[in-house]
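Asker: Can you read through this structure? Questions will come right after.
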Amino acid sequence: MTDQSTASGVTLHGIEKWFGSVAAVRSLDLEILSGELVVLLGPSGCGKTTVLRMIAGLEDPSQGDILIGDTRVNDIEPAQRDVAMVFQNYALYPHMTVQQNLGFGLKMRKVPRAELDAKVSNAAQVLELTELLARRPGQLSGGQRQRVALGRALVREPSVFLFDEPLSNLDARLRLEMRGEIAQLHRRLGTTMVYVTHDQVEAMTLGHRVAIMNEGVLQQYAPPLEVYQKPANLFVATFIGSPPINTVSGAVKSVGGRSVFEAPGLELELATPLASEPATLALRAEGLSLLENVHEVDFTADVVRLEPLGNEVLVYLDGPASESWVARVNPDHPCAVGDTIGVRLDRSRIHLFAGPNQKRIQTRLDAEDSLE
Ligand SMILES: Nc1ncnc2c1ncn2[C@@H]1O[C@H](COP(=O)(O)OP(=O)(O)O)[C@@H](O)[C@H]1O
Ligand SMILES: [Mg+2]
């Protein structure tokens, strides 16, 4: 099954999609390399499914070009595009066995019997369904059914796989298991995959690159770690990460020749001078240090809630400038609800966002490093 198909890249160029007056996708440029696993991530309604359906040919773009490999496919029928799509609501034929479900698409295309059998048994082997070939969907677990749905895409040997939230109907444990299987499948086949999800953990763990969308607009397209560490704008910063990133509304100001970020009860000096304008500071929970010694701290805060997670504790704080802060600390860190403690913000991990789109204007306050 390894050399089954030649992978093709997918290029979206200037794609727009309107449903009447609703803009589902706006001026989208996206290049998915051959063999890459790209995740489209964003909140419900941001246009993910629409993008996938346009690649599959189930929806025509209002504007722009779609290329699979070097071929412009705008006018090519879905069946001729050499893509296979796995949906969230995979409908297996209940009266057919697993074997028949897997082979159905090939049978419809009049693939010779021997070839059909070989492909089905190959797919069954890859997905560990061999023992289940004689069963009907009603006799399978949710995870097994999902694997059959994957298998139906697999037997087509497409050069691009499209997945639309394929795991969202499974329970947490099965999702984790299937996530691993999809990653493994990708490694084994090396086929280009475009995977849609609204689940950031799924996106971060599966994707080589993650394309984050909001309201039809691509926000950032980068490897998972980069999206986490260098969010392009405030939307990405707040959408990615758990607990949500701490944010503080304030302004960059010039005070006595120094450039500072100022918010009620908080003033932080900037190593690199920036233009004065309203700005938002953001810092992840791991960027806060809690200190009993109140020298050198940025502010003091009251501990209002503790969330022990075993390997770490989330400490919720009532401090200045923000409605609430959250810090991530070691479980052996001594603090209790009601304590007043000192908080030090790690300058090297602070982001500043400004402008109409709240773009990142600075990534650390303590050094020259800015945007790269
Ligand atoms: N067939 C359609 N007719 C009208 N509006 C649609 C249609 N399909 C999607 N939309 C709208 O386009 C936007 C994007 O939808 P969709 O791509 O399904 O988002 P997602 O998959 O990210 O949840 C939404 O506002 C949705 O209501
Ligand atoms: Mg969708």
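Asker: For the range 39-55, which positions are surrounded by fewer than 21 Cβ atoms within 10 Å (Cβ to Cβ), of a type outside the set (S, T, N, Q) and either modelled with pLDDT under 95 or not in a loop (DSSP other than H, G, I, E, B) (or both)?
Answerer: Correct list: Arg53 only.
Asker: Related question: In the range 122-142, which residue that is assigned to a helix (DSSP H, G or I) and in contact with a Leu (Cβ under 9 Å, 6 or more places away or on another chain) is nearest to Leu170 (Cα to Cα)?
Answerer: Gly142
Asker: Just need a number here: residues in the range 180-203 that are modelled with pLDDT of 95 or more, away from ligand 1 (no atom under 16 Å from the Cβ) and not β-branched (Val, Ile, Thr).
Answerer: Of the residues in that region, 1 qualify.
Asker: Condition first: within 32 Å of the chain's Cα centre (by Cα), free of Cβ contacts under 8 Å to residues at least 12 places away in the same chain, more than 16 Å from ligand 2 (Cβ to nearest atom) and closer than 21 Å to Asp164 by Cα. Can you find one or more residues in the range 81-94 that meet it?
Answerer: Looking for residues that are within 32 Å of the chain's Cα centre (by Cα), free of Cβ contacts under 8 Å to residues at least 12 places away in the same chain, more than 16 Å from ligand 2 (Cβ to nearest atom) and closer than 21 Å to Asp164 by Cα, one finds at least one in the range 81-94, hence yes.
Asker: Give the residue that is farthest from ligand 1 (Cβ to nearest atom), with candidates limited to residues of the range 71-81 that are in contact with a Gly (Cβ under 9 Å, 6 or more places away or on another chain) and not β-branched (Val, Ile, Thr).
Answerer: Looking at the filtered set, the residue picked out is Gln80.
Asker: Moving to a separate point now. May I ask you to say which residue of Gln184, Gln146, Gln139 is of a type in the set (S, T, N, Q), closer than 29 Å to Val111 by Cα and either buried (at least 23 other Cβ atoms within 10 Å of the Cβ) or in contact (Cβ under 8 Å) with a residue 24 or more places away in the chain (or both)?
Answerer: Gln146
Asker: Determine, yes or no, whether Leu268 is of a type outside the set (Gly, Ala, Ser) and at pLDDT 95 or above.
Answerer: no
Asker: While we're looking at this one, here's another question. Give the residue, chosen from Ala118, Ala84, Ala123, that is more than 16 Å from ligand 1 (Cβ to nearest atom), of a type in the set (Gly, Ala, Ser), more than 27 Å from Gln200 (Cα to Cα) and crowded, with 17+ Cβ neighbours inside 10 Å.
Answerer: Criteria check complete, one pass: Ala123.
Asker: Then there is this: Considering only residues that are aliphatic (A, V, I, L, M) and either touching a residue at least 40 places away in the same chain (Cβ under 8 Å) or in contact with a Lys or Arg (Cβ under 7 Å, 6 or more places away or on another chain) (or both), look in the range 56-80 and name the one that is nearest to ligand 2 (Cβ to nearest atom).
Answerer: Once the filter is applied, the top-ranked residue is Ala56.
The values are calculated or read from the model by the stated rules, or taken from the named source; none is laboratory data. Source: prediction; values computed, not measured. For neighbour counting, all protein chains shown are included, and Cβ atoms are generated from backbone atoms with ideal geometry for every residue, glycine included.
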